[in-house]
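Heads up, the thing below is written out as structure tokens.
The values are calculated or read from the model by the stated rules, or taken from the named source; none is laboratory data. It should be emphasised that the depicted structure is a prediction, and the values quoted were computed from it without experimental measurement. Please note: Cβ atoms are built from the backbone with ideal geometry, for glycine as well, and neighbour counts cover all protein chains shown.
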Amino acid sequence: MTLKHLWIAAAAALALNMPSIASASEGHGAALKHADIDVTDQAQIRRGLTVFTDVCMGCHSAKYVTYKGLMDYPEIGISRELVDELRGDKPLTSGLITDLSPEDAEVSYGKVPPDLSLIVNGRRGGADYVYSLLTGFEHDPAGKVPDGNYNKYFPGNRIAMPDPLAWLDHDAADTEELEKQAQDVAAFLAFISDPHQNERRTIGKYVVIFLILLTLVLYLLKKEVWKDVKH
């Protein structure tokens, strides 16, 4: 392998380490909208946490994220006082669990709402899917699906989840704020789906730089060792 090939391989490894852009919309009723999120933006993730606890957590849980994690992850890093306010009498090591029982959920919605801990990694389109779904409630053009259950981005368009942000028939003046809320909670869910992603990317960059420098040193060493050998 030549030095040129080694540099190309290293560059490809670095590119693979960078965040990917979820663009797939196959299987959905409409092409997904792009969510403007940043999983390194503490302010956006904190706003998303507020939307999640105030709105989403009425039905959904995020059992793989603990209240202690809300303090420990630097991308969230909220205070103990706020964590205590959020958790009430739940243990600090408890996950973010909704108060809605599975039995009541079955009665109200016909199914148990999914846990959202890994929703971004588990759905095609990732954060774009979450953002699009929250802002995709419309009146059914065919008039067959009740208002609040028709979503143009949900497969089949009929969704059990009621319109959580009151997007349907909202005032035009509220569009920007509602879209911001949808993007913020998408950012929060994208972060908790892989809470060590930023740390891993940072370490990965240093590893790739080290490997590039090591490759260069070994190449120069090889040139020096074999410089008197005729090919």
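Quick one: would you say residue 163 is surrounded by 12 or more Cβ atoms within 10 Å (Cβ to Cβ), of a type in the set (D, E, K, R) and free of Cβ contacts under 8 Å to residues at least 12 places away in the same chain?
On the way: surrounded by 12 or more Cβ atoms within 10 Å (Cβ to Cβ): yes; of a type in the set (D, E, K, R): yes; free of Cβ contacts under 8 Å to residues at least 12 places away in the same chain: no.
Taking the combined requirement at face value, the residue does not satisfy it.
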Q. In the range 125-150, which residues are in contact with a helix residue (DSSP H, G or I) (Cβ under 6 Å, 6 or more places away or on another chain) and outside any loop (DSSP other than H, G, I, E, B)?
A. 127, 130, 131, 134
Q. Only one of these conditions is not met by residue 192: (1) surrounded by 13 or more Cβ atoms within 10 Å (Cβ to Cβ); (2) more than 20 Å from the chain's Cα centre (by Cα); (3) at pLDDT 95 or above; (4) not aromatic (Phe, Trp, Tyr). Which number is it?
A. (2)
(Q) Being modelled with pLDDT of 95 or more and touching a Gly at 6+ places or on another chain (Cβ under 6 Å) is the requirement here; does residue 33 meet it? (A) no
Q. When the residues of the range 86-98 are filtered to those that are under 19 Å from residue 58 (Cβ atoms) and exposed (fewer than 11 other Cβ atoms within 10 Å of the Cβ), which remaining residue is farthest from the chain's Cα centre (by Cα)?
A. 89
**Q.** Residue check, residue 108 more than 20 Å from residue 197 (Cα to Cα), of a type outside the set (D, E, K, R) and at pLDDT below 95
**A.** yes
Q: Residue by residue through the range 99-126, note down the ones that are surrounded by 13 or more Cβ atoms within 10 Å (Cβ to Cβ) and either among the hydroxyl-bearing types (Ser, Thr, Tyr) or in contact with a strand residue (DSSP E or B) (Cβ under 9 Å, 6 or more places away or on another chain) (or both).
A: 108, 109, 115, 116, 117, 118, 119
Q) Taking interchain pairs and intrachain pairs at least six residues apart, which have beta carbon atoms under 8 angstrom, with the first residue in the range 121-136 and without any contact (Cβ under 8 Å) to a residue 12 or more places away in the chain and the second outside any loop (DSSP other than H, G, I, E, B)? A) 123/129; 123/130
Q: Among the residues of the range 51-87, count how many are within 20 Å of residue 196 (Cα to Cα), touching a Ser or Thr at 6+ places or on another chain (Cβ under 7 Å) and touching a residue at least 60 places away in the same chain (Cβ under 8 Å).
A: 4
Q | Residue count, the range 49-68 (criterion: under 15 Å from residue 82 (Cα atoms), in contact with a Leu (Cβ under 9 Å, 6 or more places away or on another chain) and not hydroxyl-bearing (Ser, Thr, Tyr)) | A | 4
Q) Hey, does the range 204-226 have a residue that's out of contact with any strand residue (DSSP E or B) (no Cβ under 8 Å at 6 or more places or on another chain), among the small types (Gly, Ala, Ser), in a loop (DSSP other than H, G, I, E, B) and at pLDDT 90 or above? A) no
Q.
Any residue that is under 21 Å from residue 124 (Cα atoms) and of a type in the set (Phe, Trp, Tyr) - is there at least one of those in the range 161-168?
A. no
Q) touching a residue at least 40 places away in the same chain (Cβ under 8 Å), closer than 30 Å to residue 74 by Cα and surrounded by 13 or more Cβ atoms within 10 Å (Cβ to Cβ) - does that describe any residue in the range 139-155? A) no
